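Please treat every number below as a calculation from the coordinates, not as lab data. Predicted model, so just to flag it, every value in this text is computed and none were measured. Here the Cβ positions follow ideal geometry from the backbone for every residue, glycine too, while neighbour counts run over all protein chains shown.
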Amino acid sequence: MVERTPFLNFFTHLILFVGFVFCVAPFVVVAIAASHNLRDVNDVPMSLLPGNDFWVNIKTAWTTADLGPKLLNSFIMAAGVAAGKVIISALTAFSIVYFRYPGRTFIFWLIFVTLMLPLEVRIVPTYAVVADVLSPYQAILDVTGLSWLIEKVSGVHVSLSLGLLNSYTGLIMPLIATATGTFLYRQFFLTVPDELTEAARMDGAGALRFFIDILLPLSRNNMAALGTIMFLWAWNQYLWPLLITTDQSHATAVTELKQLIPNVGGIPEWHIAMAGTLIVMLPPLVVVVAMQRWFVRGLIATEK
Amino acid sequence: MASITIRDVKKSYAKMQVVHGVDLDIRSGEFVVILGPSGCGKSTLLRMIAGLEDISGGEIAIDGTVVNKLEPRERGCAMVFQNYALYPHMSVAQNIGYSLKVAGVPAAERQLRIQAVARTLELEQLLDRRPMALSGGQRQRVAMGRAMIREPKVFLFDEPLSNLDAKLRVQMRSEIRKLHRRLNATSVFVTHDQVEAMTLADRLVVMNGGRVEQVGTPGEIYTRPASRFVATFVGAPAMNILEGTVDLDGLSLLGGSRRLTIARAGLPVGTKVAMGVRPEAVRLVAPGTAGALKATVDLVEELGAGRVIYVDLDGAPFSVMTSEAVHPEPGSAVGLKLSPDDMHFFSSETGTRLDVFKASVPEPAL
């Protein structure tokens, strides 16, 4: 039981408040900066009283960086990554927890190892693969002399290639293949009582039926939590989208923010940059607020 | 309805063998209770019948078909689990009807059958509730409904009453009994509670250390225990056991301080024998009565309808159960009268029952 004394109450709330101010202050400054005009935002020190040009700046940022399509791109990517991640983590964890097959431990460790190889570490090979997904197979054909054989026999020159640069698939797929979600699900599946599995077996449910009818509904809080985290994580990705979207049509909002940041020697339009930042921050905020109910329930509920 | 034949069934985990060759025939429509202390392999045996555990050796057949390699759903068994194992995210109706849904029974028929089962178990008012919102007894009934709706050939119960409080347990016990009388389906019930076992069973299987000690009706088990283990495990308070040695014209008990004149029927002198008497078979008489054993009272346990008197018999603990209104003071002397008909003899070495004494018992002198 936590002690309740007026002094402690005051003190803990004070700490809480200081932490809150510490976290929120930068955002407040951004919002204020976004409401100034070009002259005021470059005053030193900048006035902390809001200016009048907030909506003008927002509109300018929106059109300058062409944020409409970019936000849509970001949304498709983040939602795709979140959904893909939830599905693939649930499936892999299901396989690891509920089936006994040779090589299970080995596969488990293979998945585990990907934790130590984040995208940034394997970015060059990943880029090579995405640039031409079929290149490894072409290499196998060339090295073994099979393509030569096929050309001799049928007269067809084998040349496999499938590029995923500047595509949603290329944006999403490499971000899905990581292990964090698998571990989250594994931990959850381990807490599901064995008797539930056995009851389902006695009721005649096969493995897939059990997965869909029992495990997935039980893990919906987990799904919401993982989905939210992954959505935010994917939304904030910078390096990967920057690398593979050479074409504006698939650029994401976060990479496009760069367009708004004034160049050295250019007009210091920081108010526009700040307004753009606010716009790009908004969708993840909405997702968190919308998912919060599930998210919190996933963390506190102990449904038996 | 189905018969179950179990032939030399064994189970081992890695290097540890937990079931050592069990043979058992369960007749169609019979209510068989498997009784034993925890870790005796009774649940494992039940789970092998259900198909939840692989069978390491031997054969299990349901209705003549060997089911060793069949999936649980192909065996026609339904099981009630100890902690109910209800699906927490489904309503009572969905829980009961899930097996039908899996089997592809149309929704309309499913509803009818759920209603019928709910009526039998008096769950009609609760069909829309989640398991979370049910009491222990109600959850237990839902678990039974889930088993009943499949109209299985065999019902398996894995200690289904041990999570209930005492009053509910008695109530559910008689409900299970009534249900069995009505459905008349072959049932196997596992428990460590002997009262449960005695009241429910047509036939009782007592297991210990992965082996079957005795199979028989509750009456047989109580009156003619086949081994020392069964004798002391069944019955409360437990049967009194006095160690003895065969001598020239009877038994020397309690290290020679008491003698029992009895025909030794060919047992060699020096054989170690254990003599058992149930506490309720001992009569309490005034100290000094002819032919009575003298003992000192240690403790009296009041049970309302009767009382258990724990006495000290030359250093050995001994208990007497009586319904007479006697209240001896701790420390006072009492006389104990035993009848030869109530004595059981077991080999001290193997624990098996020795009936050789019984045939030729003359009036014993103690």
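Values computed for the structure shown
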item	result
Total charge dipole magnitude, the protein assembly as shown, about the Cα centre, Cβ charges on Lys, Arg, Asp, Glu only, Debye to nearest 20	840 debye
For region B:197-212 and region A:71-133, distance of Cα centres in Å	53 Å
Filter on A:LYS59/A:LYS258; B:LYS10/B:LYS167; B:LYS272/B:LYS337; B:LYS11/B:LYS272; B:LYS42/B:LYS69 - keep pairs with C-alpha separation over 25 Å	B:LYS10/B:LYS167; B:LYS11/B:LYS272
Global form of chain A, assessed from the alpha-carbon gyration tensor, a/c cut-off 1.5	oblate
Computed FRET value (nearest 0.05) for B:ASP128 with A:PHE183, which takes r as the C-beta separation and R₀ as 30 Å	0.25
Degrees between helix B:107-120 axis and first principal axis of chain B (Cα, 0 to 90, nearest 10)	30 degrees
Region B:4-231: relative contact order in percent, alpha carbon pairs under 8 Å with at least 6 residues between	29 percent
Kirkwood-based Rg to Rh ratio, the protein assembly as shown, C-alpha trace	1.18
Cut-off 18 Å (backbone N to label point 7 Å along Cα→Cβ of B:SER38), residues of region B:178-210	B:190-197, B:207-210
Spatially proximal aspartates and glutamates relative to B:LYS294 (Cα-Cα < 17 Å; intrachain offsets below 8 disregarded)	B:ASP312, B:ASP314, B:GLU329
Loop-exposed GluC sites (Glu not before Pro) per DSSP, neighbour cap 10 Cβ within 10 angstrom, longest uninterrupted part of chain A	A:121-304
Rounded to the nearest 20 debye, dipole of chain A from Cβ charges on Lys, Arg, Asp, Glu	540 debye
Computed helical MRE - 222 nm, chain B, DSSP H runs ≥ 4 contributing -39500 (n - 2.57), nearest 500	-7000 deg cm²/dmol
Chain A: relative contact order in percent, alpha carbon pairs under 8 Å with at least 6 residues between	31 percent
Region A:1-88, relative contact order [Cα under 8 Å, separation at least 6], %	18 percent
Shape of region B:122-248, Cα gyration tensor, a/c cut at 1.5	prolate
Label-point separation, A:TYR127 to A:ALA83 (7 Å along Cα→Cβ), nm	2.9 nm
Label-point separation in nm, B:SER12 to A:ASP43, each point 7 Å along Cα→Cβ	8.8 nm
Charge dipole of the protein assembly as shown about the Cα centre (unit charges at C-beta), most positive-ward option of A:TRP294, A:THR64, A:LEU149	A:LEU149
At most 12 other Cβ within 10 Å, DSSP loop - trypsin sites (Lys or Arg not before Pro), region B:12-107	B:LYS15, B:LYS69
Over chain A: helical MRE at 222 nm, DSSP H runs n ≥ 4 each giving -39500 (n - 2.57), nearest 500	-21500 deg cm²/dmol
Dipole of region B:170-263, positive direction: furthest Cα of B:MET172, B:VAL206, B:LEU183, with charges on the beta-carbon	B:LEU183
Environment charge of B:VAL297, counting only residues whose C-beta is closer than 12 Å and scoring Lys/Arg +1, Asp/Glu -1	-2
Share antiparallel - DSSP beta bridges, chain B, percent rounded to 5	75 percent
Spatial separation of Cα centroids for region B:310-341 and region A:176-213, in angstrom	58 Å
Most mobile of B:TYR84, B:TYR13, B:TYR222 in a GNM of chain B (Cα contacts under 10 Å)	B:TYR13
Pair B:ALA305, A:ARG4: separation of 7 Å Cα→Cβ label points (nm)	5.0 nm
Cβ-placed point charges (K, R +1; D, E -1), dipole of region B:4-231 about Cα centre in debye, nearest 20	320 debye
Integer Hz, Karplus 6.51/-1.76/1.60 couplings in order for region B:284-295, x for Gly and Pro	8, 10, 5, x, x, 4, 4, x, 9, 8, 8, 9
Counting DSSP beta bridges with both ends in the protein assembly as shown, the antiparallel % (nearest 5)	75 percent
Region B:67-91-region A:229-289 distance, computed between alpha-carbon centres (Å)	53 Å
